[in-house]
Amino acid sequence: MEFRNPEEHIDRFRSRLTVAGGFVLACFALLFGRFIWLQVVQHSYYQTRAEDNRISLVPIVPNRGLIVDRNGVILARNYSAYTLEVMPSRVQGDLDGVIDQLAVVIDIQAKDRKRFKKLIEESKNFESLPIRTRLTDEEVAKFIAHRYQFPGIDIKARLFRQYPFGAFAAHVLGYIGRVTDDDMEKIEDQDEEANYRGTEHFGKTGLEQHYEFDLHGVTGFEQVEVDAGGHAVRTLERTAPIAGNNLALTLDAKLQEIAENAFGDRRGALVAIEPTTGGILALVSMPNYDPNLFVDGIGSQDWDDLNTSADKPMVNRALNGAYPPGSTFKPYMALAALTYGKRKPEQVIFDPGYFNFGDHTFHDDKKGGHGMVDMYKSIVQSCDTYYYMLANDLGIDNIATFMRQFGFGQRTGIDIDGESEGVLPSQEWKKKRFHRPEQQKWYSGETISIGIGQGYNAYTPIQLAQAMATLANNGVMFRPHLVDHVTDTRSGDKTYVEPQPIRTIPLQQSHIDIIKAAMVGVNKEGTGARAFAGATYVSGGKTGTAQLYSLKGEKYAEGKLKKELRDHALFIAFAPAEAPKIAVAVLVENGGFGAQAAAPIARQVIDYYLLGKVPNAPAGEDDSEPEEERE
Amino acid sequence: MNRWHPRVLWQKLVQPIDPPLLAIAGALLLAAMIIIASASPERLTNQAISVVVALVVMRLIADLPPQRLMHYAPLVFAVGLLLLIAVALFGDISKGARRWLNLGIMRVQPSELMKIAMPMMLAWFFQQREAMLRLSDYAVAAVILLLPTALIVRQPDLGTAVLVLAAGGYVIFFAGLPWKIIVALAASAVAAAPLAWNVMHDYQRARILTLLDPEKDPLGKGFHIIQSTIAIGSGGILGKGWGQGTQAQLEFIPERHTDFIFAVVAEEFGMIGNLVLMTLYALLIGRGLMIAANAPTMFSRLLAGAVTMIFFTYAFVNMGMVSGILPVVGVPLPFISYGGTSLVTLFIGIGILMSIHRHRMLVQK
């Protein structure tokens with residue numbers, strides 16, 4: 001292997017050069033083949049991929065519809081604010097480290113981090129999540145100057161829900177919160193996934209929940225050119241969103257305000273209904289809470305406070321509290337007696353102050369009794385013995401059948417979700433409710449206290465109001481509803497919620513008139529007279545006291561009992577008597593006597609509704625001794 | 001004429017320069033300016049300064065006779081090797097690799113020097129053995145080649161190691177390494193591949209895995225290669241136009257002014273741009289091989305051949321990795337990628353070719 005001859009060596013070298021040249025050409029041919037493959041054969045595929053890279057379809061969340069009262073007062077609206085948002089999947093490096101750096105530029109507090117952590121746990125990886133909300137203009141400018149340091153983090157303008165009156169009507173409006181998996185299921189059920197791309201909030205309770213798909217609107221889209229950091233460079237095309245529909249309520253905000261104020265710091269519920277339509281004029285559950293707390297994601301402290309409070313402000317008492325109706329049940333009992341022919345109005349019983357059934361004695365509240373009592377007096381003075389006897393004569397199944405027609409123990413179908421059913425006791429109900437045979441049996445002794453609205457009776461305030469409205473409307477029952485009409489924000493078209501008569505109860509008008517006259521008597525000369533003293537209109541009412549504590553014959557002394565054990569005070573009313581425009585049911589938890597605690601609230605509400613009279617203080621408690629000791 | 005007459009001075013200045021080589025290199029530099037102006041306009045001035053420096057260096061080298069180059073070859077190699085050892089012992093670490101030597105006033109990367117020092121040294125070695133070349137000499141050459149290469153691999157700097165290994169390998173190949181040995185080496189290389197796999201760094205293995213299936217890790221290691229193939233493919237035949245490449249302008253192509261600049265070429269100028277670039281490289285290589293063929297001495301032949309083939313290796317490895325047929329190693333696109341160091345190295349190579357070409361007759365006479 002030696003090249004002694006230089007010429008031979010040069011030849012050899014040149015042949016090697018030729019090989020090298022061939023190798024070069026072969027390699028370049030290989031590259032050329034690759035270019036043909038990528039740039040000709042696969043060109044359209046890669047073109048699409050390049051476009052996909054470049055163009056991002058950004059949903060534009062529509063303005064959520066407004067909620068206004070019957071006079072156009074805005075109860076729920078939106079405002080725009082800047083938020084600082086992080087897309088965890090686009091952030092380079094350690095997220096906590098990046099947030100530390102971010103905190104140098106923008107004020108980020110421990111609670112912001114906490115909330116953000118929670119959001120990350122709940123969210124999918126590719127979502128943009130707010131780390132700070134409501135940035136000031138100064139903060140926005142400051143971040144934009146540093147934006148290049150933070151790929152995957154950007155400022156976004158977002159709409160926030162606002163309830164301008166805070167806690168006012170909270171249980172009616174409800175609130176919105178971040179979309180959860182459960183909400184996603186509802187969205188999928190409605191086939192609305194595409195329309196909810198980019199939507200981060202969902203109605204959780206109240207009207208916000210029930211009318212979610214009306215309020216939401218149609219999501220718009222923007223084609224944006226983005227760079228590799230995910231920052232938008234420019235907009236290519238835009239389809240504008242369509243704002244959600246507005247809700248106009250039957251609710252009267254001023255009336256609602258008066259009703260809420262009338263409670264002062266007492267717990268309870270009030271429902272006022274227009275009897276001829278079922279439109280709800282006021283729906284109160286006290287105490288309430290500020291729904292604005294939920295919009296940004298509620299802080300854990302606030303959440304704990306609301307949920308551990310003994311007053312249970314999160315419970316909508318009007319729809320989910322079930323209470324014995326007490327003596328407010330009596331007018332319906334009397335009407336049943338007339339309908340079934342068990343009593344004539346003028347038929348008189350003697351009330352010695354008690355009623356013996358078997359070996360048990362049922363006491364009347366008035367010691368010594370009411371003496372001779374006809375139907376009118378039984379309602380006006382709220383005589384228990386009359387109804388003990390009547391209940392016994394009617395029997396539980398007749399009572400149940402009759403009361404069911406007035407909606408007792410049935411959901412009313414109000415346009416708020418999650419309404420409770422209550423309990424309309426009957427033999428059938430007892431069989432279903434209990435498991436042991438000896439418990440399933442209905443004892444006729446149990447029927448007696450049903451007659452005065454005690455025992456197993458448990459109804460929601462909205463049921464009491466609906467029954468009152470139905471009676472006021474001469475037996476024609478409407479579905480109670482809060483929304484009067486839905487306005488399409490684009491066309492301005494209004495879709496009215498037509499008053500839906502659920503049923504007309506087969507009653508004789510003469511019977512109805514007798515009961516109404518007796519209820520007018522209550523407010524004129526009976527248990528409601530003090531609360532309605534001096535009223536310039538004629539109204540009908542009935543007081544009630546729902547017993548919580550078994551007194552076992554002892555005298556009920558309010559002051560000696562713990563507040564939680566005091567009776568619930570109730571009052572139902574309608575006015576004006578000749579052509580009722582409003583029917584009200586009031587419940588004051590542990591309020592004591594209905595005449596003292598609940599009736600004055602109803603008076604303020606009716607006064608405003610009929611006369612426009614604005615009270616200047618919460619409804620006072622009538623502290624004088626009532627005419628009767630117990631209702 | 002007066003020796004200070006401008007015309008005389010000009011002739012003196014251009015005398016060592018080979019017009020065809022300068023024309024091809026000039027065309028490549030022009031292309032570089034156009035592409036950098038699109039990919040990274042703010043770096044244009046810097047690159048222009050590098051071009052001037054590189055041209056001055058080329059002119060100086062071109063003026064040196066090959067004998068002088070040969071004379072200095074062992075010294076340059078020894079200095080390069082010592083610096084590599086120094087790097088291994090005291091080098092600065094940057095981005096996880098120990099490549100730089102801090103000399104107080106400047107940081108140098110000795111592995112870059114090896115790209116030229118290696119072929120010079122081996123060409124010198126074969127020149128010494130010209131009359132009595134034995135098979136054992138190839139073994140010595142292999143040691144000269146593998147020692148610095150191993151040091152560079154250890155830094156680690158796979159791209160430079162590939163180039164240094166190739167540079168030396170070409171010298172040995174042109175020196176006449178018998179085909180049987182070449183075939184045997186190729187066969188054992190294939191056999192040793194699993195062994196090499198075991199000694200590789202994780203990131204090096206990842207690069208190879210990424211080449212095989214870039215979509216497996218689209219946001220991580222596969223990102224570079226996916227985005228560059230999208231850029232090339234979406235460029236089509238005619239390209240999207242200068243400054244119009246969405247992949248390049250919206251920063252989807254990483255390192256788009258350095259190692260991945262070819263993706264910008266392919267996206268904005270399409271296959272036409274690729275072919276123009278490949279043609280310029282082919283002309284450069286052709287001219288270089290021609291100079292090698294006519295070189296008078298063993299040293300100059302081997303050096304010219306090896307330098308030419310380094311240009312090819314740069315171009316092929318870079319275009320191959322950017323278009324996804326070779327693993328990603330840090331090799332710039334010759335004459336086009338932004339960066340002064342590699343540009344100076346390349347123009348030292350051009351200068352060497354010019355020197356060899358100019359002195360082809362002098363020795364023969």
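Does A:ALA282 fit the bill of being modelled with pLDDT of 95 or more and within 19 Å of A:PHE406 (Cβ to Cβ)? Judged against the criteria, A:ALA282 is not a match. Here B:LEU147, B:LEU195 are screened, and the one residue that is away from chain A (no Cβ under 14 Å) and in contact (Cβ under 8 Å) with a residue 60 or more places away in the chain is B:LEU147.
Out of A:ALA248, A:ALA243, A:ALA228, one residue alone is surrounded by fewer than 24 Cβ atoms within 10 Å (Cβ to Cβ) and within 14 Å of chain B (Cβ to nearest Cβ). It is A:ALA228. Can you confirm whether B:THR246 is within 11 Å of chain A (Cβ to nearest Cβ), more than 28 Å from A:PHE23 (Cα to Cα) and of a type in the set (Ser, Thr, Tyr)? Yes; evaluated as a whole, the condition is true for this residue. The residues in region A:536-583 that are out of contact with any Ser or Thr (no Cβ under 8 Å at 6 or more places or on another chain), assigned to a loop (DSSP other than H, G, I, E, B) and at pLDDT below 90 can be counted, and the count is 14. Quick one: would you say A:GLY93 is without any contact (Cβ under 8 Å) to a residue 24 or more places away in the chain and closer than 17 Å to A:GLY229 by Cβ? Yes; evaluated as a whole, the condition is true for this residue. Within region A:258-266, is even one residue more than 30 Å from A:LEU75 (Cβ to Cβ) and either in contact with a His (Cβ under 6 Å, 6 or more places away or on another chain) or of a type outside the set (Val, Ile, Thr) (or both)? Looking through region A:258-266, none of the residues is more than 30 Å from A:LEU75 (Cβ to Cβ) and either in contact with a His (Cβ under 6 Å, 6 or more places away or on another chain) or of a type outside the set (Val, Ile, Thr) (or both). Taking region A:56-73, which residues are among the hydrophobic types (A, V, I, L, M, F, W, C) and outside any strand (DSSP E or B)? Once the filter is applied, which keeps residues that are among the hydrophobic types (A, V, I, L, M, F, W, C) and outside any strand (DSSP E or B), region A:56-73 yields A:VAL61, A:LEU66, A:VAL73. For region A:251-263, a residue qualifies if it is crowded, with 22+ Cβ neighbours inside 10 Å, among the small types (Gly, Ala, Ser) and either without any contact (Cβ under 8 Å) to a residue 24 or more places away in the chain or closer than 18 Å to A:LEU173 by Cα (or both), and exactly one does: A:ALA259.
When each of A:ALA26, A:ALA20 is tested for being buried (at least 19 other Cβ atoms within 10 Å of the Cβ), over 60 Å from the mean Cα position of the chain (by Cα) and of a type in the set (Gly, Ala, Ser), the lone residue that passes is A:ALA20.
Of all the residues in region A:151-175, those that are in a strand (DSSP E or B) and not β-branched (Val, Ile, Thr) number 8.
Considering the conditions (1) part of a helix (DSSP H, G or I); (2) without any contact (Cβ under 8 Å) to a residue 60 or more places away in the chain, B:PRO156 is excluded by exactly one of them, (1).
Determine, yes or no, whether B:ARG129 is more than 19 Å from B:VAL307 (Cα to Cα), modelled with pLDDT under 90 and surrounded by 14 or more Cβ atoms within 10 Å (Cβ to Cβ).
yes
Does any residue of region A:292-309 turn out to be in contact (Cβ under 8 Å) with a residue 12 or more places away in the chain and closer than 21 Å to A:LYS542 by Cα? Checked region A:292-309: no residue is in contact (Cβ under 8 Å) with a residue 12 or more places away in the chain and closer than 21 Å to A:LYS542 by Cα.
Residues in region B:307-320 that are within 21 Å of B:LEU64 (Cα to Cα) and more than 10 Å from chain A (Cβ to nearest Cβ) were compared, and the one that is nearest to the chain's Cα centre (by Cα) is B:ILE310. Whenever a residue of region A:404-419 is under 14 Å from A:ALA469 (Cβ atoms), its partners that are of a type in the set (Asp, Glu) and surrounded by fewer than 24 Cβ atoms within 10 Å (Cβ to Cβ), lying with C-beta atoms within less than 9 angstrom and at least six residues away or across chains, give the pairs A:THR412/A:GLU419; A:GLY413/A:GLU419.
Residues that are buried (at least 20 other Cβ atoms within 10 Å of the Cβ), touching a residue at least 60 places away in the same chain (Cβ under 8 Å) and not aliphatic (A, V, I, L, M), at least 2 per element: which helices (runs of 4 or more DSSP H) completely within region B:243-356 meet that?
B:261-293, B:298-322
One residue alone among A:ARG54, A:ARG70 is within 8 Å of chain B (Cβ to nearest Cβ) and in contact (Cβ under 8 Å) with a residue 12 or more places away in the chain, and that residue is A:ARG54. Any residue that is assigned by TED's automatic domain parsing to the domain that holds A:ASP393, surrounded by fewer than 19 Cβ atoms within 10 Å (Cβ to Cβ) and of a type in the set (Lys, Arg) - is there at least one of those in region A:511-519? No: zero hits. The conditions of being hydrophobic (A, V, I, L, M, F, W, C) and either closer than 22 Å to B:TYR338 by Cα or more than 9 Å from chain A (Cβ to nearest Cβ) (or both) are not met by B:LEU289.
Here region B:218-238 is the region considered, the condition is being more than 9 Å from chain A (Cβ to nearest Cβ) and modelled with pLDDT of 90 or more, and the residue that is surrounded by the fewest Cβ atoms within 10 Å (Cβ to Cβ) is B:LEU238. For region B:129-140, the count of residues that are more than 22 Å from A:VAL19 (Cα to Cα) and touching a helix residue (DSSP H, G or I) at 6+ places or on another chain (Cβ under 6 Å) is at least one.
Which members of region A:60-104 meet the condition of being under 21 Å from A:ALA232 (Cβ atoms) and either of a type in the set (Asp, Glu) or not assigned by TED's automatic domain parsing to the domain that holds A:TYR163 (or both)? Answer for region A:60-104, where residues must be under 21 Å from A:ALA232 (Cβ atoms) and either of a type in the set (Asp, Glu) or not assigned by TED's automatic domain parsing to the domain that holds A:TYR163 (or both): just A:GLU85. Within the span defined as region A:431-451, one or more residues are among the acidic types (Asp, Glu), without any contact (Cβ under 8 Å) to a residue 12 or more places away in the chain and outside any loop (DSSP other than H, G, I, E, B). So, A:THR489, is that one modelled with pLDDT under 90, buried (at least 16 other Cβ atoms within 10 Å of the Cβ) and farther than 30 Å from A:GLY368 by Cβ or not? The answer is yes for A:THR489. Taking region A:7-17 as the range and being loosely packed, with under 13 Cβ neighbours inside 10 Å and either touching a residue at least 12 places away in the same chain (Cβ under 8 Å) or not hydroxyl-bearing (Ser, Thr, Tyr) (or both) as the test, the residues that pass are A:GLU7, A:GLU8, A:ASP11. Restricting the first member to region A:348-359 and to residues that are closer than 15 Å to A:LEU390 by Cβ and assigned by TED's automatic domain parsing to the domain that holds A:CYS383, and the second to residues that are outside any strand (DSSP E or B) and aliphatic (A, V, I, L, M), the beta-carbon pairs closer than 8 Å and six or more apart or on different chains are A:ILE349/A:MET389; A:PHE355/A:MET389; A:PHE355/A:ILE448; A:PHE357/A:ILE448. Within region A:427-458, the set of residues being hydroxyl-bearing (Ser, Thr, Tyr) and over 30 Å from the mean Cα position of the chain (by Cα) comprises A:TYR443, A:SER444, A:THR447, A:SER449. All of A:GLY21, A:GLY33 fail the test of being within 14 Å of chain B (Cβ to nearest Cβ), closer than 30 Å to B:ALA295 by Cβ and at pLDDT 85 or above, apart from A:GLY21.
The values are calculated or read from the model by the stated rules, or taken from the named source; none is laboratory data. Values in this document were obtained by computation on a predicted structure and should not be read as measured data. Glycine also receives a Cβ, built like all others from the backbone with ideal geometry; neighbour counts cover every protein chain displayed.
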